[in-house]
Amino acid sequence: LDPSNAELITFLAYVYLLAGQDDRAWEAAEESSRLDPLTPLLQCMPGFCHWLAGRPAAALPYYRKFLAMDPTNPAAHLFLVVILRVTGHPDEAATRGESLQREFPGTIFGALGAAYAFAIRGRRDDARSAVTPDLLAAAQRVEFIARFIAQLFVLIGDADAAVDALE
């Protein structure tokens, strides 16, 4: 009903992704970032479309742009950590995860950054310990946190915990 509302079009792109309509998601994400080139999160949405369509390397520039546009946003840091790991940049991902923990201590983003850094460096027990009750509680409220925790558990070889996080 409001074809100029970039935020709503972004949500539409997300719904299309969840429905498996990758092409329509991409079109909506491109449109929302064109309509609002100043909102950093909207600029990474085309990258999210690439990622979920199985093209994570094509997503990386969008996540770098998100962080460059909004360097004080802990979500921008976390999203980049995760996509770096997926695209075969483990050293940069781990270093950025450690930095995320230092820059945003006491937050779910800092905790996830630390957990990913530990996991990438092969420190599975430390990664598991970094997943605090507060972090698990956040996963109950925030879908993307649940996804990232599930991915972390897969990374450390705990499929049962990954399924629990998603449930």
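Here is how the numbers come out for the structure above:
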{"item": "Single residue of the stretch 1-29 satisfying the filter (charged (D, E, K, R) and open to solvent by 70 Å² or more (accessible area, probe 1.4 Å)) that is modelled with the lowest pLDDT", "result": "2"}
{"item": "Pick from the stretch 92-105, criterion touching a residue at least 12 places away in the same chain (Cβ under 8 Å) and among the acidic types (Asp, Glu), ranking: surrounded by the most Cβ atoms within 10 Å (Cβ to Cβ)", "result": "98"}
{"item": "Unique residue being open to solvent by 60 Å² or more (accessible area, probe 1.4 Å), at pLDDT below 95 and in a helix (DSSP H, G or I) when the list is 134, 125, 160", "result": "134"}
{"item": "Criterion: under 25 Å from residue 26 (Cβ atoms), in contact with a helix residue (DSSP H, G or I) (Cβ under 8 Å, 6 or more places away or on another chain) and surrounded by 16 or more Cβ atoms within 10 Å (Cβ to Cβ) - qualifying residue of 83, 149, 108, 120", "result": "83"}
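For every residue, the table says whether it meets (1) more than 15 Å from the chain's Cα centre (by Cα); (2) modelled with pLDDT of 95 or more.
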site: 74; (1), (2): no, yes
site: 82; (1), (2): no, yes
site: 90; (1), (2): yes, yes
site: 97; (1), (2): no, yes
site: 107; (1), (2): yes, no
site: 110; (1), (2): no, yes
site: 115; (1), (2): no, yes
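The values are calculated or read from the model by the stated rules, or taken from the named source; none is laboratory data. Bear in mind that the values here come from a model prediction, so they are computed numbers and not experimental data. Ideal geometry is used to build each Cβ from the backbone, glycine not excepted, and the neighbour counts take in all protein chains shown. Calculation scope for accessible area: heavy atoms of the full protein, side chains included, ligands and nucleic acids excluded. Shrake-Rupley method; radii C 1.70, N 1.55, O 1.52, S 1.80 Å.
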